[in-house]
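Report on the structure given below.
The values are calculated or read from the model by the stated rules, or taken from the named source; none is laboratory data. Note that this is a predicted model, so its numbers are computed, not measured. Reconstructed Cβ throughout: ideal geometry from the backbone, glycine too, with neighbour counts over all protein chains shown. Areas reflect the complete protein model, heavy atoms only, side chains present, ligands, DNA and RNA absent. Shrake-Rupley method; radii C 1.70, N 1.55, O 1.52, S 1.80 Å.
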Amino acid sequence: MADITIIGGINIDIEGRPYNKLKYKDSNPGKISISYGGVGRNIAENAARMGEKVAMLSFIGNDQMGIGAKNHLAQIGVDVSGINTIESRTSAIYLSILDDDNDMALAISDMDVVKYILPEFLEKNIDLLSKAKVIAMDGNLEKETIKYVAEKFKNIPLFFDPVSTLKAVRAKDVIGKFTCIKPNIMEAEILSGIEIKDETDLKRAGSWFIEQGIEKLFITLNKDGVYYKDRNTEGFVSPGSVKIKSATGAGDSFSAAILTGMINDMCIEDIAKYGMAAAQITMESSRAVNQDICKEEIERRIKNV
């Protein structure tokens, strides 16, 4: 039985990167790649490559890429018994354009198939959920699904990755029921209602989340690293020097590292360092998940974080 059960999106990543400076409203010569993605799926693959026992609950369309994504997870040891196929839908697609610094300039996300992850679907997979050591959700889920999990499994540690500001609001009413969350600054502002302009604001928002009932908080700060806080500790971890090929997926590997830390009872500072090392490894690859990520490589990198 899996220690980590992840509920979230599986999609196909189509990524374009220009050879030169990105020009808007124009055709840019560059390279286009297609790979398996989705926040939930990426977290699942990363956690499995870190050596954890992982299961995933999701939907795919009845198409070659979706079926391939499911089979790929199975091949690396993820329990895919909770991944269902919708005959009348295509799998989710995430289309992103990088800038000349290899950071995301814009994206379009078609995640309609994820709307089928509803409470009645989760009820059919109650065994995978109730026996997990931690349950993780991404923000692509419907509001009613997030609320159902937060209330139904309050005796199991819960992790939430908001995904975007637009989707973060879906968890606002139950935010205090999560054990751990990992928003970026904009998502933290939406969830807390606190405008974050400087370190003082950041710490004030951090205190607000802890007061709501969050036990572990990680607010990612892009190139500046991460701010972490629990009831007894707070601090910052910087990313260090890394040659970035693509920033896509770095947050997902950080989330997987958090899950690893949660089930192994790591302290919050060590989890932050573990996550930052995992993100470094991811950014050195052009893929959303670096195939070389593993527990041993992360532990080797931690001393440089």
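Inside the range 54-71, can you point out the residues that are open to solvent by 30 Å² or more (accessible area, probe 1.4 Å) and either under 18 Å from the mean Cα position of the chain (by Cα) or of a type in the set (Gly, Ala, Ser) (or both)? Talk me through it step by step, then tell me what you get.
Keep residues of the range 54-71 that are open to solvent by 30 Å² or more (accessible area, probe 1.4 Å), which gives 62-65, 67, 70-71.
Hit for the range 54-71 is LYS70, nothing else.
Only residues that are modelled with pLDDT under 95, assigned to a loop (DSSP other than H, G, I, E, B) and surrounded by 15 or more Cβ atoms within 10 Å (Cβ to Cβ) were counted in the range 19-35, giving 1.
Scan the range 7-50 for residues that are closer than 30 Å to TYR148 by Cβ and not hydrophobic (A, V, I, L, M, F, W, C) and the total you get is 13.
Which of the helices (runs of 4 or more DSSP H) contained wholly in the range 186-303 include at least 2 residues that are open to solvent by less than 10 Å² (accessible area, probe 1.4 Å)?
Working: elements: 199-212, 250-263, 268-283, 295-302.
Answer list for the range 186-303: 199-212, 250-263, 268-283.
Of all residues in the range 274-305, those being within 19 Å of THR248 (Cα to Cα) and not hydrophobic (A, V, I, L, M, F, W, C) number 11.
Residues of the range 197-235 that are under 14 Å from LYS182 (Cα atoms) and hydrophobic (A, V, I, L, M, F, W, C): LEU202, ALA205, PHE209, ILE210, ILE214, LEU217, PHE218, ILE219, LEU221, VAL226.
Taking the stated definitions as given, is LYS131 loosely packed, with under 14 Cβ neighbours inside 10 Å and either within 15 Å of ASP3 (Cα to Cα) or of a type in the set (Phe, Trp, Tyr) (or both)? Answer is yes for this residue.
Taking the options GLY77, GLY82, name whichever one is outside any strand (DSSP E or B), of a type in the set (Gly, Ala, Ser) and either closer than 20 Å to ILE146 by Cβ or under 21 Å from the mean Cα position of the chain (by Cα) (or both). Give the steps one after another, and end with the answer.
Details: GLY82 fails: outside any strand (DSSP E or B).
Unique residue meeting the criteria: GLY77.
In the range 154-177, the residues that are touching a residue at least 60 places away in the same chain (Cβ under 8 Å) and within 16 Å of PHE218 (Cβ to Cβ) form Cβ pairs under 6 Å with partners that are among the charged types (D, E, K, R) and part of a strand (DSSP E or B), at six or more places apart or across chains, as follows: ASP161/ASP138; VAL163/ASP138.
Under 18 Å from the mean Cα position of the chain (by Cα) and open to solvent by less than 30 Å² (accessible area, probe 1.4 Å) - does that describe any residue in the range 91-100?
Yes, that holds for at least one residue.
For the range 199-231, give me each residue that is charged (D, E, K, R) and at pLDDT 95 or above. Of everything in the range 199-231, those that are charged (D, E, K, R) and at pLDDT 95 or above turn out to be GLU199, ASP201, LYS203, ARG204, GLU211, GLU215, LYS216, LYS229, ASP230, ARG231.
Per-residue answers, yes or no, for (1) touching a Lys or Arg at 6+ places or on another chain (Cβ under 6 Å); (2) open to solvent by less than 30 Å² (accessible area, probe 1.4 Å); (3) on the phi > 0 side of the Ramachandran plot; (4) touching a residue at least 24 places away in the same chain (Cβ under 8 Å):
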| site | (1), (2), (3), (4) |
| --- | --- |
| ILE12 | no, yes, no, yes |
| ARG17 | yes, no, no, yes |
| GLY37 | no, yes, no, yes |
| ASN46 | no, yes, no, yes |
| GLU52 | no, no, no, yes |
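Close contacts from the range 132-147, counting a first residue that is under 14 Å from PHE121 (Cα atoms) and part of a loop (DSSP other than H, G, I, E, B) and a second that is among the small types (Gly, Ala, Ser) and open to solvent by less than 10 Å² (accessible area, probe 1.4 Å), with Cβ to Cβ under 9 Å and a gap of 6+ residues or different chains, come to LEU141/GLY8; LEU141/GLY9; LEU141/GLY40; LEU141/ALA171. Taking the range 112-127 as the range and being in contact with a helix residue (DSSP H, G or I) (Cβ under 9 Å, 6 or more places away or on another chain) and either hydroxyl-bearing (Ser, Thr, Tyr) or buried (at least 18 other Cβ atoms within 10 Å of the Cβ) (or both) as the test, the residues that pass are VAL113, VAL114, ILE117, LEU122. Look at the range 100-115: where a residue is farther than 16 Å from LYS31 by Cβ and a partner is in a strand (DSSP E or B) and polar (S, T, N, Q), sitting 6+ places away or on another chain with Cβ atoms under 6 Å, you get ALA107/SER96.
Could you tell me which residue of the range 36-54 is nearest to GLY82 (Cα to Cα), considering only residues that are part of a loop (DSSP other than H, G, I, E, B) and at pLDDT 95 or above? Can you show your working first?
Residues of the range 36-54 part of a loop (DSSP other than H, G, I, E, B): 38, 50-53.
With the extra rule that they be at pLDDT 95 or above, the set shrinks to 50-53.
Values: MET50: 21, GLY51: 20, GLU52: 17, LYS53: 14 Å.
Among those that are part of a loop (DSSP other than H, G, I, E, B) and at pLDDT 95 or above, it is LYS53.
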